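Undergrad: Before anything else, here's the structure in question.
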Amino acid sequence: MTTTASATLPLLLEQVEVVRVERLSPSFVRVELGSPALADFGVDGPLYDQRIKLVFPGLDGLPDVTGMDEAAMQAWFARPAEERGHMRTYTVRDVRGSGVATRLVVDIVLHFGDGPVGPGAAWAEEVSVGHRIVMMAPRRGSAFGGIEFVPGAADRLLLAGDETAVPAVASILADLPPDARGAAYLEVPLSADVQSLAHPDGVSVTWLPRDGAARGLALQQAVLDHLGAPLVLPEVEEVDPDLWETPTYSSSGEEIDDAVAVVGHDLDGLYAWIAGEAKVVTALRRALVNDLGVDRRQVAFMGYWRLGVAMRS
Ligand SMILES: Cc1cc2nc3c(=O)[nH]c(=O)nc-3n(C[C@H](O)[C@H](O)[C@H](O)COP(=O)(O)OP(=O)(O)OC[C@H]3O[C@@H](n4cnc5c(N)ncnc54)[C@H](O)[C@@H]3O)c2cc1C
């Protein structure tokens with residue numbers, strides 16, 4: 001194992017290099033990010049929906065994060081995002097290679113036709129081999145967090161997401177045991193964005209291309225159909241762009257019963273993991289938890305982004 005210069009931090013804060021770029025489809029760019037420091041990347045168990053942070057070069061250019069300790073990292077974070085670079089959240093779609101040749105695969109959505117393009121999508125549109133970027137990722141042996149898929153003893157899975165959640169669902173499907181059962185629904189901008197994904201035989205995968213239809217409707221309908229509920233969605237006006245309601249965390253401050261949260265999910269054996277545009281996910285949450293009475297401990301609802309709102313840097 002290598003020892004990197006920033007080994008004083010319990011995470012990897014590293015410059016990484018783009019070693020491969022692949023335009024997967026009209027809406028997805030796949031990048032492979034490499035650095036000798038990634039020899040120290042790792043988590044305790046499957047990656048599932050492991051998230052990482054990417055920092056896109058700002059006015060200051062690419063920062064030298066080598067050897068930063070906690071105080072230096074906090075001082076760097078405190079700088080204006082325009083100068084130090086905008087930070088965005090992505091999913092580890094896959095890990096390739098090993099040791100100093102380890103590469104993390106990240107699939108980035110290009111969001112055209114939806115208003116202003118943010119720094120993440122803009123970077124992905126232009127990226128080529130040799131570009132460098134800063135990454136924050138789990139260091140093997142240290143707690144980093146960032147895995148929300150915790151099905152416990154559930155025997156039936158429901159995975160649902162829009163294009164930004166495709167990498168997470170794909171990674172979860174790849175990590176599931178072969179006897180897993182359930183269904184995954186993935187809404188993507190175009191038919192041409194449909195991918196071939198590895199998944200257990202007992203988990204069906206349904207792609208829902210919008211092809212110009214309204215965002216979120218097909219996903220909401222599929223989830224409610226799956227649960228045998230009519231398509232009656234509550235009107236959602238106020239949306240928390242940081243919506244994050246999981247069995248162990250509530251962005252709205254709902255009380256969480258820790259004792260039960262870790263035990264598992266026994267109501268019908270269902271565990272639902274739903275991520276995507278915050279308004280779409282909020283409507284689903286209200287339908288499932290308020291109207292259908294699904295226990296909040298059986299579901300993770302995550303706003304991965306909010307239409308018209310730049311994510312916090
Ligand atoms: C845990 C987690 C994992 C994620 N994993 C991935 C991933 O693997 N791949 C991925 O591409 N995204 C992923 N996302 C979503 C990603 O972080 C957001 O889409 C982010 O806003 C992209 O940053 P940006 O700089 O492109 O746009 P921002 O600067 O944040 O936003 C600029 C504008 O673009 C709009 N916008 C942002 N995203 C989209 C979109 N997808 N479609 C249409 N308009 C959009 C915003 O509403 C805003 O108007 C993840 C988010 C979370 C929380």
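Undergrad: Once you place label points 7 Å from the Cα toward the Cβ at GLU237 and GLU70, how far apart are they in nm?
TA: Computed distance between label sites GLU237 and GLU70 equals 4.4 nm.
Undergrad: Can I ask one more? What number results when the radius of gyration of the stretch 168-313, computed over Cα atoms, is divided by 2.2 N^0.38 Å? Walk me through the numbers on the way to the answer.
TA: Numbers: Rg = 15.4 Å, N = 146, 2.2 N^0.38 = 14.6 Å.
Against the empirical 2.2 N^0.38 Å value, I get 1.05 for the stretch 168-313.
Undergrad: Please build a GNM for the chain, connecting alpha carbons under 10 Å apart, and tell me which residue among GLU254, GLU163, GLU148 fluctuates the most.
TA: It is GLU254.
Undergrad: Which of GLU187, GLU255, GLU70 ends up with the largest GNM mean-square fluctuation for the chain, with Cα atoms connected below 10 Å?
TA: Among GLU187, GLU255, GLU70, the largest mean-square fluctuation in the Gaussian network model of the chain belongs to GLU255.
Undergrad: Please state the shape class of the stretch 11-138: rounded when a/c is under 1.5, otherwise prolate if a/b exceeds b/c and oblate if not, all from the C-alpha gyration tensor. Show your work: numbers first, answer last.
TA: Details: a/c = 1.65, a/b = 1.06, b/c = 1.56.
Oblate, because a/c is 1.5 or more while a/b does not exceed b/c.
Undergrad: Using a simple spin-label model with points 7 Å from Cα along the Cα→Cβ vector, what separation in nm is obtained for ALA122 and ALA101?
TA: 3.7 nm
Undergrad: Taking 0.36 nm per intervening residue step and subtracting the Cα-Cα distance, what contour gain separates ARG132 from ASN290 on full extension?
TA: Numbers: separation 158, 0.36 × 158 = 56.88 nm, distance 4.55 nm.
52.3 nm is the gain from fully extending ARG132 to ASN290.
Undergrad: Here's a follow-up. For a protection proxy built on the mean count of beta-carbon atoms within 10 angstrom, sort 59-67, 30-38, 178-186, 269-277 highest first, please.
TA: Output ranking for 59-67, 30-38, 178-186, 269-277: 269-277, 30-38, 178-186, 59-67.
Undergrad: Separate question: With angles folded into 0 to 90 degrees, how steeply does helix 217-226 sit against the dominant principal axis of the chain? Use alpha carbons for both and round to 10.
TA: 60 degrees
Undergrad: Computed over the Cα atoms of the chain, what is the convex hull's projected area averaged over all directions, in nm²? Kindly include the intermediate steps, with their values, before the conclusion.
TA: Values: hull surface 63.9 nm².
Quarter of the Cα hull surface area: 16.0 nm².
Undergrad: Just flag the chymotrypsin sites (Phe, Trp or Tyr not before Pro) in the stretch 107-177 sitting in loop per DSSP whose Cβ has no more than 13 other Cβ atoms within 10 Å. The partial results should precede the final answer.
TA: Numbers: sites: PHE112, TRP123, PHE144, PHE149; in loops: PHE112, PHE144, PHE149.
The qualifying sites are PHE112.
Undergrad: On a 0 to 90° scale, report how tilted helix 166-175 is relative to the longest principal axis of the chain, with both axes built from alpha carbons and the result rounded to the nearest 10.
TA: Tilt of helix 166-175: around 80 degrees.
Undergrad: If you take the beta carbon distance between LEU59 and ASP268 as r and set R0 to 51 Å, what does 1/(1 + (r/R0)^6) give as a FRET efficiency, to the nearest 0.05? Kindly include the intermediate steps, with their values, before the conclusion.
TA: Values: r = 52 Å, r/R0 = 1.03.
Here the calculated transfer efficiency is 0.45.
Undergrad: Still on this structure, I have one more. With only Lys, Arg, Asp and Glu charged, each at its Cβ (+1 for the first two, -1 for the last two), find how big the charge dipole of the chain is about the Cα centre; round to the nearest 20 debye. Display every interim value, and only then the final one.
TA: Values: 25 positive and 44 negative charges, 142 e Å.
With only Lys, Arg, Asp and Glu charged at Cβ, the dipole is about 680 debye.
Undergrad: What whole-number value in Å² describes the accessible area per residue of the chain for a 1.4 Å probe? Mind dumping the intermediate values first?
TA: On the way: 13790 Å² over 313 residues.
Value for the chain: 44 Å² per residue.
Undergrad: Looking at the chain, send over the antiparallel percent of its DSSP beta bridges, to the nearest 5. All intermediate terms of the calculation are to be shown ahead of the outcome.
TA: Values: 40 of 64 bridges.
Among the beta bridges of the chain, antiparallel pairing accounts for roughly 60 percent.
Undergrad: Same structure, new question: What percentage of the solvent-accessible surface of the chain, computed with a 1.4 Å probe over protein heavy atoms, is contributed by carbon and sulfur atoms?
TA: Values: 7200 of 13790 Å².
Carbon and sulfur atoms account for 52 percent of the accessible area of the chain.
Undergrad: How many nm separate the modelled label positions at THR248 and ARG23, each set 7 Å beyond the Cα in the direction of the Cβ?
TA: Calculated label separation equals 4.1 nm.
Undergrad: Report the one residue of GLY228, HIS131, VAL194 whose Cα lies farthest in the direction of the positive end of the charge dipole of the chain (charges on C-beta: Lys and Arg +1, Asp and Glu -1; origin at the Cα centre).
TA: The residue sitting most towards the positive pole is HIS131.
The values are calculated or read from the model by the stated rules, or taken from the named source; none is laboratory data. These figures come from a predicted structure and were not determined experimentally. Methodologically, a virtual Cβ is constructed for each residue, glycine included, from the backbone with ideal geometry; neighbour enumeration extends over all protein chains shown. Heavy atoms of the whole protein, side chains included, go into the accessibility calculation; ligands, DNA and RNA do not. Shrake-Rupley method; radii C 1.70, N 1.55, O 1.52, S 1.80 Å.
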